[in-house]
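These notes are about the structure you will find just below.
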Amino acid sequence: MFDTTLRWSLLNVGKGFCMGAADVVPGVSGGTMAVVLGIYQRLVNAIRAFDGDFLRLLLSARLGSAAHHADLWFLSTLGTGVAGGLWFFTRVIPLPELIRTQPIPIYSLFFGLIAASIVVLLQSLNRFRTKEAAALVLGLAVGTGIVNLIPTATPETGWFIFLSGALAICAMILPGISGSFILLILQKYTYIFEAIGKFDLSILLPFGLGAVTGLMLFSRFLSWLLRHFYRPTISAITGLLIGSLWIIWPFQHRLEAMIAGKPRVIQSTPYLPDLLQGDVLVAAGCVLAGLVLVLALHRLAGRHESPQAR
């Protein structure tokens, strides 16, 4: 039993590590990787579980019951992996720099990861009926529309900072949409990260309250959708992932702007490369590696899922 728990915990840390790596890549969210790894629904349910029942258990000193109710061991092992992934791919292997210097292999790998997860999700639905098709088209339209939005001028008042926090955190747990990309669209990326650097509580407090509010409300909404409309919801998520392929396509004309002293991509236009171009073979190899990796992770996740999985 101990060996099984240890193996599952290490596997979960590894999944969190993958999510942390995904959060470093512009246009890819941790939610996308959670779908790839087969833990998305459990993650949403665990976040939703921080409710009145959890608070009552905590206040009555029933710590074990509170931990079980909120799936804290799952969240803690996953969070450890996420933190490790963020640290490793920003400090040890500087993925943001590699994305700038070697964008084709990096984006090709993630293109393969997401494309394979789309196939896995479609296979999980077995039959594809009118409702599922409509939900997929809706998700595709929303995902494609969001990644093609152009940044616009926005206010710096408290209510809008609160709204920015809520929208950014929702995007982070919604597959196919990056929270940092939402902040860029809202023209609040520099504003928020400068506030973090200066520890400006007049900005960070409304932003943090918005993030907590958005996370609590949106996780409950998603959990309700997955319980009552599982197939249409999975279809819509699949559509979002398909829409995100537009911005993950490795061959892009990218428009950059200097934000907080660093170049950031604010708009991308995909193009078809010359098939004789050497980078095409590199891209194809990385896409294939992503496909194989997802299939292997999917099989491994099925074998080692925790008995407490929801």
Output wanted: per-residue J couplings in Hz (rounded whole) for the range 211-220, from phi through Karplus 6.51 cos²θ - 1.76 cosθ + 1.60, θ = phi - 60°, x for Gly and Pro. 5, 5, 4, x, 5, 5, 6, 5, 5, 5
Which residues in the range 73-99 have a backbone N closer than 18 Å to a point placed 7 Å from the Cα of residue 63 along the Cα-to-Cβ line? 73-77
With θ set to phi - 60°, apply the Karplus curve 6.51 cos²θ - 1.76 cosθ + 1.60 along the range 38-47 and write out the HN-Hα couplings as whole Hz, x wherever there is a Gly or Pro. x, 10, 4, 5, 5, 5, 4, 5, 5, 5
Once both labels are modelled 7 Å past Cα along the beta-carbon direction, what's the residue 137-residue 92 spacing in nm? 4.7 nm
Could you tell me which of rounded, prolate or oblate describes the range 68-195, using a ≥ b ≥ c as the square roots of the eigenvalues of the alpha-carbon gyration tensor, with rounded for a/c under 1.5 and, failing that, prolate when a/b is larger than b/c and oblate otherwise? rounded
Among (1) 54, 54, 36; (2) 64, 48, 45; (3) 68, 49, 38, the value of Cα extents along the principal axes in Å computed for this structure carries the label (2)
Could you work out the relative contact order of the range 1-88? I mean the mean sequence separation of Cα pairs under 8 Å and 6+ apart, divided by the number of residues, in percent. 49 percent
What relative contact order, as a whole-number percentage, does the chain give when Cα pairs under 8 Å and 6 or more residues apart are counted? 28 percent
If amide H atoms are built 1.01 Å from N in the plane of the peptide, which residues on other chains or at least 5 residues away come under 5 Å of the amide H of residue 268? 255
Mean separation of Cα contacts under 8 Å (6+ apart) over length of the range 67-219, as relative contact order %: 20 percent
Using a basic spin-label model with each label point 7 Å from the Cα along Cα→Cβ, how many nm lie between residue 120 and residue 102? 2.4 nm
A student applying the Cα gyration tensor rule (rounded when a/c is under 1.5; otherwise prolate if a/b is larger than b/c, oblate if not) would label the range 95-146 oblate
Please get the size of the charge dipole for the chain, origin at its Cα centre, with Cβ charges of +1 on Lys and Arg and -1 on Asp and Glu, quoted in debye to the nearest 20. 720 debye
Could the peptides 71-83, 273-285 be put in order, highest first, of the mean number of other beta-carbon atoms found within 10 Å of their residues? 71-83, 273-285
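Show me 8-15, 117-124 ranked by packing, highest mean number of other Cβ atoms within 10 Å first.
Working: 8-15: 19.6, 117-124: 17.5.
Per-residue Cβ counts within 10 Å, averaged per peptide and sorted highest first, yield 8-15, 117-124.
We did not get these values from a lab; they are worked out from the coordinates using the rules stated. None of these values were measured; they are calculated from a predicted model. Neighbour counts run over all protein chains shown; Cβ positions are idealised from the backbone, glycine included.
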